[in-house]
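Notes for the one structure printed next.
Rule-based calculations on the coordinates, nothing more; no lab input. Just so it is clear, the structure is predicted and the values come from calculations on it, not from any experiment. With ideal geometry, Cβ positions are generated from the backbone for all residues, glycine too; neighbour counts draw on all protein chains shown.
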Amino acid sequence: MANYLIIGGSSRIGKKLAENLNQSGNRVFATYFKNEVKNSVDGIEYQPLDATRDNLSFDYLPEVIDGLVYCPGSILLKPFHRIIHEEFLEDFNLQVVGAVKTIQAVLPRLKKSLDASVVLFSTVAVQTGFNFHSLVATSKGALEGLVRSLAAEFAPTVRINGIAPSLTDTPLAERLINTSEKREANALRHPLKRIGTAVDMANAAEFLLSEKSSWITGQILHIDGGISKLKGI
């Protein structure tokens with residue numbers, strides 16, 4: 001049995017991942033921010049957390065943590081000239097600084113594991129330019145740099161990888177797929193002709209946490225229906 005920490009475990013992806021890990025016989029510690037989650041499932045313990053706070057406390061965790069997943073994110077799509085500086089700072093604080101502080105706080109526990117793994121979430125927009133994505137692509141681009149830097153620094157003790165999704169059916173993307181016409185149009189943009197699901201992302205994260213990926217570190221795994229690599233399909 002392994003111990004896993006999921007930051008943002010009340011979200012659709014984080015919640016599904018917690019369920020997957022729990023069903024495989026692991027112990028899961030998950031956090032929520034705005035939407036309180038009751039501890040009603042054996043093996044999954046939820047705690048409140050604001051990842052943007054100055055000091056993060058994880059005193060409730062066991063001495064050894066085998067995997068950490070940082071799920072918090074935001075999607076603010078605006079023309080570049082309309083984005084104010086404070087919006088860049090707020091997004092960077094949530095997506096990058098929050099991840100940095102969490103990893104620093106949990107690192108001593110990760111280093112006590114025999115096969116520790118960290119998974120961060122990027123976006124396909126970092127490597128594939130999209131209109132109005134400058135804000136999210138900036139923060140997630142920094143996360144991709146963090147993945148590679150820490151993977152080198154922490155090897156061979158802790159593996160660190162990232163997942164870069166395309167459009168996924170979560171509350172963050174709701175306004176982009178809130179009609180059947182929008183959903184179909186966005187699905188058709190992808191070579192596999194559908195948008196991503198929480199199951200797609202949770203399965204990828206579970207793989208990167210597991211011993212099945214024990215020779216993978218410093219990688220950004222594109223789970224994007226082929227949109228970042230395939231054209232003309």
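Only residues that are surrounded by 12 or more Cβ atoms within 10 Å (Cβ to Cβ) and either in contact with a His (Cβ under 6 Å, 6 or more places away or on another chain) or among the charged types (D, E, K, R) (or both): list them for segment 176-210, please. Give the derivation first.
We begin by selecting, within segment 176-210, every residue surrounded by 12 or more Cβ atoms within 10 Å (Cβ to Cβ); these are 176-177, 182-187, 189-210.
Residues satisfying the conditions are 182, 183, 184, 189, 193, 194, 200, 206.
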Handout entry: Exclusive hit being closer than 22 Å to residue 227 by Cα, among the β-branched types (Val, Ile, Thr) and in contact (Cβ under 8 Å) with a residue 60 or more places away in the chain, set 128, 123, 102, 138
Key = 128
Exercise for the section: Answer with yes or no whether residue 139 is under 29 Å from residue 61 (Cα atoms), surrounded by fewer than 16 Cβ atoms within 10 Å (Cβ to Cβ) and not aliphatic (A, V, I, L, M). Expected result: no
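Could you please give the count of residues in segment 154-180 that are among the polar types (S, T, N, Q) and assigned to a loop (DSSP other than H, G, I, E, B)? If you could, list the steps in order and put the result at the bottom.
Let us first name the residues in segment 154-180 that are among the polar types (S, T, N, Q), namely 157, 161, 166, 168, 170, 178-180.
Narrowing the set further to residues that are assigned to a loop (DSSP other than H, G, I, E, B) leaves 157, 166, 170, 178-179.
Total satisfying the criteria: 5.
Select from segment 127-153 the residues that are assigned to a helix (DSSP H, G or I) and over 21 Å from residue 86 (Cα atoms) and list them in ascending order.
First pass over segment 127-153, keeping only residues assigned to a helix (DSSP H, G or I): 134-153.
Matches in segment 127-153: 144, 145, 146, 147, 148, 149, 150, 151, 152, 153.
With respect to residue 92, determine if the residue is surrounded by 14 or more Cβ atoms within 10 Å (Cβ to Cβ), aromatic (Phe, Trp, Tyr) and touching a Leu at 6+ places or on another chain (Cβ under 7 Å). Step through it out loud before you land on a result.
Working: surrounded by 14 or more Cβ atoms within 10 Å (Cβ to Cβ): yes; aromatic (Phe, Trp, Tyr): yes; touching a Leu at 6+ places or on another chain (Cβ under 7 Å): no.
Considered against the rule, which asks whether it is surrounded by 14 or more Cβ atoms within 10 Å (Cβ to Cβ), aromatic (Phe, Trp, Tyr) and touching a Leu at 6+ places or on another chain (Cβ under 7 Å), residue 92 comes out as no.
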